[in-house]
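Structure record follows, encoded as structure tokens.
Read-outs throughout are calculated quantities, based only on the coordinates presented, and are distinct from any laboratory measurement. Nothing here was measured: the structure is a model prediction, and the numbers come from that model. Don't worry about glycine lacking a Cβ; one is built from the backbone with ideal geometry, like all the others, and counts go over all protein chains shown.
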Amino acid sequence: MKPAASKNIKFVAHSDLGGKPDGVQVMVQRGYAYIGHGFANGITTLDVRDPKNPKVVDFIACPPNTRAFHLNAHGDLLLAVNAPSVWGMKEFAEDGTVYFNGSPAEALRGKLDRFTSGIRVYDISKPEKPVEIGFMPIDGLGPQRIWYTGGRYAYVSIHFSDFTDHILAIVDLIDPTKPKVVGRCWIPGMWTGGGETPTWRTGRRYALHHVVVANGLAYGAWRDGGLTVMDVSDPTRPKLLVHRNTDPPFGGGTHSPLPLPDRNLLVLADEPTSDHCKDGFRYMWMYDIRVPSNPISIATFPLPEEADYCAKGGSFGPHNLHEMRPGSFQDSNFIFATYYNAGVRVYDIKDQFRPKEIAYYVPPNPTSLIDPRPNRALVTQSNDCFVDPNGLMFLTDQNGGLNILQFEG
């Protein structure tokens, strides 16, 4: 498959994921890839032990109007979200700004019975066939994304009915068949059930996309709410240490945090929420976190320059970061970032004050759309990237399936 553009990354193989090419989050473990879908409403298991010949071996369907677009595999457990399949709902599909410019809970008020919300737990001791062993229902829109790297606790962004939007929930998995919430943390103003009143301006969405946890600290990306650092050393009593926001003057959409504790650094990516750069550029930021309660921005990452991506169509800008989970590629000198219509980019940050791009791969445009939203451009929209210890990259796309690539930088 010939790329639209590439540097220091080689194509290995492609999969249309069994005719469900709308990949979102991807996890690879023990030679199997687990992929959540944005529109097809389920989870695909892919045998990638021979990366040149990936094979679909299982698909788990979600309940009606429900998707499992985010998931987390570690050890013998696969955790997956159940949340509304928003892009198939008229409240959001007809105008995508409704989802990004306010709480989806308001648009779905009184309609929670249309979908299932909660966290499902699967046993993957037989990796080719996940078996459900537990479910935690949630009163509200439910979960967005999960951070779990073993042990007793998972750190999940969840919308509960008495909050304006997604907050941090710490879930106890001491019995994985009966997960339960034991701690919560949020930005003041979100707990309407406790009498709090939002302080942010109308049209902005304060909602935790997800956290990454390192050394007892949870680094959170809150969409238009920016960055938080939370002390989770006591999972039952998490505490907000600091809240930073670049919106205004920058455009919000804070999406992906990546702490690099061995270097006292944090990478933070802001997601574009409009097409054709209509609302300006979104950036990747470098923070110094030597003092966790006082994170300082010290650099921005360079934008792709080999093509006019604003004119290409679709979204252009950062999305997900390879999170260097246990068992994956781990090197705090290199950052892998998906960039929507600009594919996947790799950065050298040995000099943290001057990040430089050293590799990229832009897949060809998909041949058809599975996205149900009207007037969507038929262009690459690279979504998530998982990198194994040998630099083998697993790159999902909103409509173009999975590309397996080899980093050669």
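Which value at 222 nm does the chain reach when only helices count, each DSSP H run of 4 or more adding -39,500 (n - 2.57), with the total divided by all residues and rounded to the nearest 500 deg cm²/dmol?
-500 deg cm²/dmol
If the cut-off is 29 Å between C-alpha atoms, which lysines fall inside it for K312, apart from same-chain ones fewer than 8 positions away?
Result set, ordered by chain and number: K2, K7, K10, K20, K90, K278, K356.
For C310 and E408, calculate 0.36 nm times their separation in residues minus their Cα-Cα distance, and state this gained length in nm to one decimal.
32.5 nm
Treating cross-link reach as a plain straight distance, find the aspartates and glutamates whose alpha-carbon is under 12 Å from the alpha-carbon of K55, omitting any fewer than eight places away in the same chain.
D16, D47, E128
For R244, R237, R145, what ranking results if the residue with the fewest other Cβ atoms within 10 Å of its Cβ goes first?
R237, R244, R145
Each label point is 7 Å from the Cα along the Cα-to-Cβ direction; what then is the distance between the points at S293 and A13, in nm?
With each label point 7 Å from Cα toward Cβ, the separation is 5.1 nm.
Which cysteines does the chain leave without a neighbouring Cys Cβ under 4.7 Å?
C62, C185, C385
Report the FRET efficiency, 1/(1 + (r/R0)^6), for S161 and E128, where r is their Cβ-Cβ distance and R0 is 41 Å, rounded to 0.05.
Result of the calculation: an efficiency of 0.65.
How large is ³J(HN,Hα) for each residue in region 11-25, as worked out from phi by the Karplus curve 6.51 cos²θ - 1.76 cosθ + 1.60 (θ = phi - 60°), to whole Hz, x for Gly and Pro?
6, 10, 6, 9, 9, 8, 6, x, x, 10, x, 8, x, 10, 6
By how many nm would the segment from L241 to K178 lengthen if fully extended, with 0.36 nm per residue of separation less the alpha-carbon distance?
19.7 nm
How far is it, in nm, from the label point at N264 to the one at N333 when both lie 7 Å from their Cα along the line to the Cβ?
That separation, rounded to one decimal, is 2.1 nm.
Between D234 and R354, what is 0.36 nm times their sequence separation minus the Cα-Cα distance? Round to one decimal in nm.
39.6 nm
Rounded to the nearest 20 debye, what is the charge dipole size of region 299-371 about its Cα centre when +1 sits on each Lys and Arg Cβ and -1 on each Asp and Glu Cβ?
Roughly 100 debye for region 299-371.
Calculate the FRET efficiency for T202 and N53 from the Cβ-Cβ distance with a Förster distance of 51 Å, rounded to the nearest 0.05.
So the FRET efficiency works out to roughly 0.50.
Just to be sure I understand the model, the point goes 7 Å from the Cα along the line to the Cβ. What's the resulting M1 to R109 distance in nm?
My value for the distance between the label points is 4.3 nm.
Please give the charge dipole size of the chain, origin at the Cα centre, charges +1 on K and R Cβ atoms and -1 on D and E Cβ atoms. Round to the nearest 20 debye.
So the dipole magnitude of the chain works out to roughly 120 debye.
Fewest first, what order do E128, E357, E408 take by the number of other Cβ atoms within 10 Å?
Starting with the residue having the fewest Cβ neighbours, the order is E408, E128, E357.
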